[in-house]
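Working notes for the structure below.
The values are calculated or read from the model by the stated rules, or taken from the named source; none is laboratory data. Just so it is clear, the model here is predicted, and its values are computed rather than measured. We place every Cβ from the backbone using ideal geometry, glycine too, and count neighbours over all the protein chains shown. Areas reflect the complete protein model, heavy atoms only, side chains present, ligands, DNA and RNA absent. Shrake-Rupley method; radii C 1.70, N 1.55, O 1.52, S 1.80 Å.
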Amino acid sequence: MSAIVVDVSSGRAAAAAAVLRAMVARNQGAPQRVWITSLEAELRPLLVQDAELEAGVSRIGWHKEAPGRAHFQGCPNLEDLRSILPVFVCRTAALEDGRRDFERHVTRFINKAAPRTAQQAARDFAASGLWRAGEERQWRLHAFASSLLKNLAKATRFRPALGPLFQASGTLRAQVTAVSELLLCTAGLREAVDLWIFQGLGCQKLWAPERYVVCGFHRRRSALGTDWGVLPPVLLRRILDFIFPESQPAQRDVTRSMPLHATETEVALIFGHLLWNCPKALWGVWAPTALMVAETLLSRRMTSFGPGEAGTGSPQPDSSRVHQTALLLAVLCGRLLKEPLQGMISRATKLTDKLKGAVAGAGQIEGSVRHCVKCAAESAATLSDGEAMRIQTAW
């Protein structure tokens, strides 16, 4: 029914990736209801656009009741589902020679630059003329960010965490040191990396409701000509892009030709490495960003919104979101112990307390996730005690 090779941007490639993610979640011991619900949510928009694929999935238990409510009847056989989906993906839109050469230089820089020569290598790369100008420059900034996350994701897979979490967070120190030097001397590059981190963690989707609320409020107020209503729509959009950033056209273009092959948890781990090893100039920017991301993940996607255990009706914690939030808070609190930032300690400790409270009553949470939560809680406790001592000394 389905071709064995499809383009990487097709819906069938996305469906195959969703099934593979469900297999990984199942094999790692995730609750059956959690990975089935996640798989159903990913397949619904894809099957609406592909009637042939929907017919094939229907033979494996897919039941369509009403728009937006299709689901599996019982537990689907993922192996049967995988067998009707593509095996390989390809890029039909080949990169131009100039862009391909740029991609090779990026990969070489990320993987080969040594800490002792990183500063000079970064300056040479920034002044090499490879970045171009205008729209092409925007494409290359986002291409670098995509390649960065992809290469660091590969490195984290082959370097498993051993011993204390913070010691493990230093395993990518050489790459982060080199990349940090380039981020500091290349205008717009850090902002592009931030957008890819937001996309990789799903933050932009989680911020969409807030954007809609603000736009609706502005529309009502503009009819009355009061307070927010006097802001021009262009200015409002710039404000929203600052508070709740959306993906840019160049980022979407890069995604089509160079998709990000990293899970949300891998992106959280990469961001943790960046936080732990970046210089002070980036730490002052990324620490508030990490706290904002952790607040987003914890408050909006911490729990799945389906029914809980039979008869209770209470939502169950989403272990992947717990893991991502705990990774960020553990590294954030750990570095704040070494390099405190004004106004950050209280917010970080309160957010960690909220994470502990959400996990305390959870049943099926993996041991590795609980370990990350424990690391975050211990660092936050030490951080809180130190802050209390500083306040007492000041008095």
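Could you sort the peptides 146-155, 367-376 by per-residue average Cβ neighbour count (10 Å cutoff), highest mean leading?
146-155, 367-376
So how far apart, in nm, are the two label points at Ile243 and Ser368 if each is 7 Å from Cα heading toward Cβ?
Inter-label distance under the simple model: 3.7 nm.
Please compare each pair in Lys205/Lys280; Lys280/Lys374; Lys154/Lys350; Lys64/Lys354; Lys205/Lys338; Lys150/Lys205 to a cut-off of 28 Å on the Cα-Cα distance and tell me which ones are over it.
Lys205/Lys280; Lys154/Lys350; Lys64/Lys354; Lys205/Lys338
Run the 1.4 Å probe and let me know the accessible area of Val193, rounded to the nearest 10 Å².
Surface open to solvent at Val193 totals about 0 Å².
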